[in-house]
Amino acid sequence: MDITVLFKLTYGLYVVSTMDGARPVGCIINTCFQVTSQNPILAISLNKNNYTLEALRRTKRFALSILAEDTDASIIGSFGFRSSRDCNKYEDYGYDIVEGAPMVNGKFAGRLVLDAINFVDNETHVVVFARLVDTVKGEGTPMTYDYYHRVVKGRAPKNAPTYVAPEVEKAAAEKPETEAAPTTKRKFRCNRCGYVAEVEGDLPDDYLCPICKAPKAEFTEI
Ligand SMILES: Cc1cc2nc3c(=O)[nH]c(=O)nc-3n(C[C@H](O)[C@H](O)[C@H](O)COP(=O)(O)O)c2cc1C
């Protein structure tokens, strides 16, 4: 079976956010789809190790903020590569509470408020079905998962349902569908979040990862 065919599935990117008592928590997900149209139900997939799932089981009410192509990419680093178990992800951004759900400040294509109604166990992940309660209009072009990979050059951590091991990704890249144009650029991968920087020459000494803010020392040439 060629697992790279899964790369052809399309997704968006979202911040799922909920309250953990008096404290806002949340994480990045790419798995969200609308299940029904009347009195809509949506579904999201959360890893059992993610603290957001623990909080959501208790709180039920949550928000989904739909990332736009020009949403501050550091939100992906803050919410997608750290756990609310040991940090406050909202520290740098602030948040508003809308209908009981925390919404991280920033530019988003739109926001949804939902109530979890059903938790379905799927081995490593739990699919949460949720009733749409309200919407908030936003602006910008929604960021697709493909755009995140191709333009932002980001990756997903192990807890994401669509995680792909670097060796599988490398093997897929080695058999391109079309011949790639020759390039003089060097590629450096961030050891913390997997972001790949392509530059002429070396990374500047004061370089910071645009996703997770890791310094140049955290980059390995690939
Ligand atoms: C691009 C991207 C997509 C992700 N998609 C999902 C997802 O669909 N479901 C999930 O459970 N985690 C996903 N993750 C991983 C979580 O955001 C990550 O494990 C986070 O640290 C969990 O934080 P928490 O412990 O505070 O909940 C994704 C991360 C990234 C960067």
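The values are calculated or read from the model by the stated rules, or taken from the named source; none is laboratory data. Owing to the predicted nature of the structure, the values given are computational and were not obtained by experimental measurement. Positions of Cβ are backbone-derived with ideal geometry, glycine not excepted, and every protein chain shown enters the neighbour counts. Please note that ligands, DNA and RNA were not included when accessible areas were found on the heavy atoms of the full protein model with its side chains. Shrake-Rupley method; radii C 1.70, N 1.55, O 1.52, S 1.80 Å.
Laid out as a table, the results:
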{"item": "Residue 131 being within 9 Å of the ligand (Cβ to nearest atom), open to solvent by 60 Å² or more (accessible area, probe 1.4 Å) and more than 14 Å from the chain's Cα centre (by Cα)", "result": "no"}
{"item": "Residue tally, condition within 15 Å of the ligand (Cβ to nearest atom) and more than 20 Å from residue 47 (Cα to Cα), over region 149-168", "result": "5"}
{"item": "Given (1) surrounded by 18 or more Cβ atoms within 10 Å (Cβ to Cβ); (2) in contact with a His (Cβ under 9 Å, 6 or more places away or on another chain); (3) not hydroxyl-bearing (Ser, Thr, Tyr), number of the condition residue 209 does not satisfy", "result": "(2)"}
{"item": "Options 49, 30; residue that is more than 13 Å from the chain's Cα centre (by Cα) and of a type outside the set (A, V, I, L, M, F, W, C)", "result": "49"}
{"item": "Contacts under 8 angstrom Cβ, first residue in region 199-222 being touching a residue at least 12 places away in the same chain (Cβ under 8 Å) and on the phi > 0 side of the Ramachandran plot, partner open to solvent by less than 30 Å² (accessible area, probe 1.4 Å) and among the polar types (S, T, N, Q), 6 or more apart", "result": "213/74"}
{"item": "Some residue of region 169-177 being surrounded by 15 or more Cβ atoms within 10 Å (Cβ to Cβ), under 20 Å from the mean Cα position of the chain (by Cα) and not in a loop (DSSP other than H, G, I, E, B)", "result": "yes"}
{"item": "Conditions (1) free of Cβ contacts under 8 Å to residues at least 24 places away in the same chain; (2) open to solvent by 60 Å² or more (accessible area, probe 1.4 Å); number of the one not met by residue 120", "result": "(2)"}
{"item": "From 42, 13, 9, residue being over 30 Å from residue 171 (Cα atoms) and assigned by TED's automatic domain parsing to the domain that holds residue 128", "result": "42"}
